[in-house]
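Engineer: Attaching a single structure in structure tokens format; questions to follow.
Derivation of every value follows stated rules applied to the coordinates shown; laboratory data play no part. Remember, it's a predicted structure, so these values are computed and weren't measured experimentally. For neighbour counting, all protein chains shown are included, and Cβ atoms are generated from backbone atoms with ideal geometry for every residue, glycine included.
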């Protein structure tokens, strides 16, 4: 029996923010659901990968399926729920941005045709997952071209003339020339690598000068309502953080991302950009390292339906659903290092009760979005 009763295969929500409407329907009662239908979704078409090739990207650990890449933390299983939870996260992040998929300054740059306003913007998406973000972006910006990469083929994607879906070992380097992209978007990237700094360096390499990086993370933290500076002590969140650290996830980046992006950080010292992973190594080292004009937007998201505002209440319901199932997703990693037998049942029940009762704390979690430009 699953830990939580709520079923990811069926849910319904309609949310409005700044005249933008985002709808997700109940799959069991509406086969034409825009989020999960067989006729309308991106993952119901034939993949370009052969079945035996797809299988090589995965491995089974204790009965759960994970990426076969040894550089990817064994934390979040790559099952059907992972796809649906990514769609749910996408909705939450979009609502946090007033219904937009990118911040205003990035939107303006894309509509102008890129940082040089000449050839049309090039956009890199890391990591594809469900593909929802990149597919919506292609619809919104008809003059932009998109590349979306992942370390595993989570779902097949509908062919699109302006989207290139690629699956390869991201940790060997981004397989693109230097100074290629106007925007690099990376969401929950800490969970796809045990060396997040390496990914940041390679993102810097493939960005054009003055190009944008947008990093979105949802840390395992909760704050008291009305007082965002006070963290809530939560055993479930602490357990999730410990499990992440044990698997090599760089959760410290949630606190020091801004300083890591800055040109003064040691991350950029003695870094010969244009070498190592570069496809243009014959050009020699580049002078530009790091980022400037760094901003952090921390958007509070209610954890539960306690908020008096109806839009925030809807957002809080979505966040609680995601929190419950995110915990359930990483339970295999938690239990592999934790209690066994009868202790397991008591452990799981205590975690369930803690999260289900969180509304009494009027708690928030933070959606953090960093925006910066390549030096």
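Engineer: What's the exposure ranking of 124, 85, going from fewest to most Cβ atoms within 10 Å?
Structural biologist: 85, 124
Engineer: If the chain between residue 255 and residue 336 were fully stretched, how many nm would it gain, using 0.36 nm times the residue separation less the Cα-Cα distance?
Structural biologist: Numbers: separation 81, 0.36 × 81 = 29.16 nm, distance 2.72 nm.
Value of the extension gain: 26.4 nm.
Engineer: Exposure proxy check: 128, 80 ranked by fewest other beta carbons within 10 Å? Please report the intermediate quantities before stating the final value.
Structural biologist: Values: 128 25, 80 14.
Final ranking by Cβ density, sparse to dense: 80, 128.
Engineer: Modelling each spin label as a point 7 Å along the Cα-to-Cβ direction, I'd like the residue 305/residue 118 distance in nm, to one decimal.
Structural biologist: Result: 5.5 nm between the two label points.
Engineer: In what sequence do 254, 268, 133 fall when counting other Cβ within 10 Å, fewest first?
Structural biologist: Values: 254 16, 268 21, 133 25.
Lowest count first: 254, 268, 133.
Engineer: Quick one: plug the Kirkwood hydrodynamic radius of the stretch 73-171 (C-alpha pairs) into Stokes-Einstein at 37 °C, 0.692 mPa s, and report D in µm²/s.
Structural biologist: Values: Rh = 14.5 Å.
D, rounded to a whole number, is 227 µm²/s.
Engineer: Taking 0.36 nm per intervening residue step and subtracting the Cα-Cα distance, what contour gain separates residue 233 from residue 169 on full extension?
Structural biologist: Working: separation 64, 0.36 × 64 = 23.04 nm, distance 3.71 nm.
Additional length available on full extension: 19.3 nm.
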